[in-house]
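Derivation of every value follows stated rules applied to the coordinates shown; laboratory data play no part. Since this is a predicted model, take the numbers as computed values, not measurements. Note that each Cβ is placed from the backbone with ideal geometry, even for glycine, and that neighbours are counted across all protein chains shown.
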Ligand code: PGA
């Protein structure tokens, strides 16, 4: 199966960069998680392009929740994936605890999108019993992204053997669920990372903001 390449722009990007990406990237295996404010624009320019959001509200549909964006609203922009539980959110916003991530998982999947659920080295604690049974029931709609804290934005990845070890544990525990890796993926290490057994794709932060680097990563995935 082709590897999934997901770019995570975090709080970066602009309308002009959206234009550049839509014109330059044609692979159907690429997904871009851009700030919500760009999603409807990107979809109107290129409805086939696969879009992701970087989070959603615990509230769904509509309501008096100032500043919130629901999974229902994200789905209305033709967004197909939502990243949940990124460590940058878990560490900054207490609200992104295990119980609320489970609510968000449910909102994403009930709006017919897939969840990209991020976990770090501490995945046993992040994936509690309730999350485990939810994931088991929705195995095809959840992608587990293993993102070791030491690798995010640092330029240092774990060894390929270490990554393979964790991905194999996650696959075994979660009935062969899709597993991707994220953390300092770049043009220099993408070939090694793609060779990792049990890897179904990559989540790319910083390098997804540099067009040449991102194109090299996409090309490596074939
Ligand atoms: P990075 O970020 O590629 O810049 O390390 C990855 C991520 O946070 O998803």
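Taking Cα pairs under 8 Å and at least six residues apart, what relative contact order does the range 95-222 come out at, in percent? The partial results should precede the final answer.
Values: 179 pairs, mean separation 26.2, N = 128.
Across the range 95-222, relative contact order equals 20 percent.
Stick to the Cα atoms of the chain, pair each with every other, and give me the Kirkwood hydrodynamic radius in Å at one decimal.
17.4 Å
Can you sort 216, 131 by how many other beta carbons sit within 10 Å, fewest first?
Fewest-to-most Cβ neighbours within 10 Å comes out as 216, 131.
Could you check the spin-label model distance between residue 93 and residue 173? Points 7 Å from the Cα along Cα→Cβ, value in nm.
Simple spin-label model gives 2.4 nm for this pair.
Stretch residue 130-residue 195 to full length: gain in nm at 0.36 nm per residue minus the Cα-Cα span?
20.1 nm
Express in nm, to one decimal, how much length is gained between residue 1 and residue 212 on full extension, taking 0.36 nm for each residue of separation and deducting their alpha carbon distance.
On the way: separation 211, 0.36 × 211 = 75.96 nm, distance 2.45 nm.
Value of the extension gain: 73.5 nm.
Quick one: grab the alpha carbon gyration tensor of the range 45-135, order the square roots of its eigenvalues as a ≥ b ≥ c, and give me rounded if a/c is under 1.5, else prolate or oblate depending on whether a/b is larger than b/c.
Numbers: a/c = 1.76, a/b = 1.47, b/c = 1.19.
In terms of gyration-tensor shape, prolate.
Which whole-number value in Å³ per residue fits the convex hull of the alpha carbons of the range 1-84?
Taking only Cα atoms, the range 1-84 has a hull volume of 98 Å³ per residue.
If you average the sequence gap of Cα pairs under 8 Å that are 6 or more apart and divide by the length of the chain, what percent do you get for the contact order?
Numbers: 405 pairs, mean separation 43.8, N = 222.
The normalised contact order for the chain reaches 20 percent.
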